[in-house]
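Visitor: Quick one: this structure, given as structure tokens, is what I'll be asking you about.
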């Protein structure tokens, strides 16, 4: 930051709390009018079992991921996806 290696992007930093545990991905198809959720998926982050080794960048993935409950999937669809669609429609 002192050497301004990253220009204006290095003027400010954000330190976030580390989150531990598994993650899941939820995506959806959207045509601007309707939204169709895809099945949840997970990618493999570390090379070795028990979250050991270097990060693979998600070289392997599987679907459907069973990490989410039906209630959690419904919350994602209601809170995230439907609000996203409302925002698209509001901005035309």
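The values are calculated or read from the model by the stated rules, or taken from the named source; none is laboratory data. Everything numeric here is computed off the predicted structure, so don't read it as measured data. In this analysis, Cβ positions are derived from the backbone assuming ideal geometry, glycine residues included, and neighbour counts consider all displayed protein chains.
Visitor: So which residues in the stretch 2-35 are surrounded by 10 or more Cβ atoms within 10 Å (Cβ to Cβ) and either under 22 Å from residue 84 (Cβ atoms) or touching a helix residue (DSSP H, G or I) at 6+ places or on another chain (Cβ under 8 Å) (or both), if there are any at all?
Guide: Residues satisfying the conditions are 4, 23, 24, 25, 26, 27, 28, 30, 35.
Visitor: Take residue 49 and tell me if it is exposed (fewer than 10 other Cβ atoms within 10 Å of the Cβ), on the phi < 0 side of the Ramachandran plot, out of contact with any strand residue (DSSP E or B) (no Cβ under 6 Å at 6 or more places or on another chain) and modelled with pLDDT of 85 or more.
Guide: No: the conditions fail for residue 49.
Visitor: Condition (residue is within 16 Å of the chain's Cα centre (by Cα) and free of Cβ contacts under 8 Å to residues at least 60 places away in the same chain) applied to the stretch 4-15: is it met by at least one residue?
Guide: no
Visitor: If I go through the stretch 68-83 residue by residue, how many of them are part of a loop (DSSP other than H, G, I, E, B) and within 14 Å of the chain's Cα centre (by Cα)?
Guide: So the count comes out to 1.
Visitor: Another question, then. So which of 64, 54 ends up being in contact with a strand residue (DSSP E or B) (Cβ under 8 Å, 6 or more places away or on another chain) and surrounded by fewer than 10 Cβ atoms within 10 Å (Cβ to Cβ)?
Guide: Details: 64 fails: surrounded by fewer than 10 Cβ atoms within 10 Å (Cβ to Cβ).
On inspection, the qualifying residue turns out to be 54.
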